[in-house]
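Shown next, in structure tokens, is the structure this report addresses.
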Amino acid sequence: MRALDGSGVPVPKTYLLCEDSSIIGTPFFVMEYIDGHPMTDATLADRPADDRRAIYRSMIEVLARLHTVDWRAAGLADYGKPGNYVARQVHRWTNQYRASETERIDAMERLIAWLPAHIPADDAAAVVHGDYRPGNLLLHATGPRIAAVIDWELSTIGHPLVDLGHHVLLFRTGPEDFGAFADVAPPEGIPCEDEHLDIYCRITGRTSLPDWNFYVAFAMFRFAAIFQGIMGRVVAGTANDPDARKAGARAAPLAERAWRLVETTKA
């Protein structure tokens, strides 16, 4: 977060890191209070169309700026291992899925076979947030823009299109999974996926998004593995969330959506 200060990516200032667990029971840090509120509703139903348009533009501009940060110059050369990032992510989430598997999901089995065999050769590297979604963005208290990006626990040096693919689940899944616009037109003012991605490409200097369906399918696979982890806790009796079973049941439908996308790509 300190490395990104002044980069054009809005992050809270950090004041103190305490690694002494005896103080409050865990290491902790103190950061700036941001006068804003989480973007908990991707539809921005309480906002006028112009605000929606401005907020979505701000959201994708911030992600694009993050991916153009010179991470070596920012002192983040040792923040992660950029090489083989996608392959390592596929392996990691396959293992996570296997560790919590409660039933056979045919679509997951097909994805587990297909994904490692089709990893793109491109090995681009950037600072990635790891969970760039509305719930991890604070809206400015008075203006229609992003005031701060929070929850950087999954950040590292990785492939920017993995980060972007995760973000674009906003347009590829329903409200029961991650986003809101998979099967319906977005509310007035909110761009379609292509328009959203065009802004990203202009800022990052990309002329295209090669192997785009791979990254979106992987993002769905990853989320299905997360849902399966929730179901694993339900079966083990360790889930505390009363809606955990409902969330866990989303693993199969999301995996099936991912495989349909793969089949479209193959066709």
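The values are calculated or read from the model by the stated rules, or taken from the named source; none is laboratory data. Treat the numbers as computed from the prediction; the structure is a model and nothing was measured. Note that we place each Cβ from the backbone using ideal geometry, even for glycine, and neighbour counts take in every protein chain shown.
Worth a mention:
- Lone unmet requirement of (1) closer than 25 Å to residue 259 by Cβ; (2) in a helix (DSSP H, G or I) for residue 180: (2)
- Breaking point among (1) modelled with pLDDT under 95; (2) surrounded by fewer than 18 Cβ atoms within 10 Å (Cβ to Cβ); (3) more than 30 Å from residue 70 (Cα to Cα), for residue 192: (3)
- For region 140-173, the set of residues classified as over 29 Å from residue 256 (Cβ atoms), part of a loop (DSSP other than H, G, I, E, B) and of a type in the set (Val, Ile, Thr) consists of 142, 150, listed by residue number.
- Checklist (1) among the β-branched types (Val, Ile, Thr); (2) surrounded by 13 or more Cβ atoms within 10 Å (Cβ to Cβ); (3) over 25 Å from residue 215 (Cα atoms) applied to residue 26, failing item: (2)
- Whichever residue in region 195-246 is acidic (Asp, Glu) and modelled with pLDDT of 95 or more and, among such residues, is nearest to residue 165 (Cα to Cα): 211
- For region 83-107, residues that are buried (at least 17 other Cβ atoms within 10 Å of the Cβ) and under 20 Å from the mean Cα position of the chain (by Cα) total 7.
- Subset of region 79-100 [part of a loop (DSSP other than H, G, I, E, B) and either within 14 Å of residue 162 (Cα to Cα) or at pLDDT below 95 (or both)]: 80, 81, 82, 83, 84
- Checking residue 135 against (1) part of a loop (DSSP other than H, G, I, E, B); (2) under 30 Å from residue 14 (Cα atoms), the condition it does not meet: (1)
- Evaluated against (1) modelled with pLDDT of 95 or more; (2) surrounded by fewer than 17 Cβ atoms within 10 Å (Cβ to Cβ), residue 111 falls short on exactly one condition, (2).
- Those residues of region 53-69 which are hydroxyl-bearing (Ser, Thr, Tyr) and under 17 Å from residue 42 (Cβ atoms), in sequence order: 56, 58
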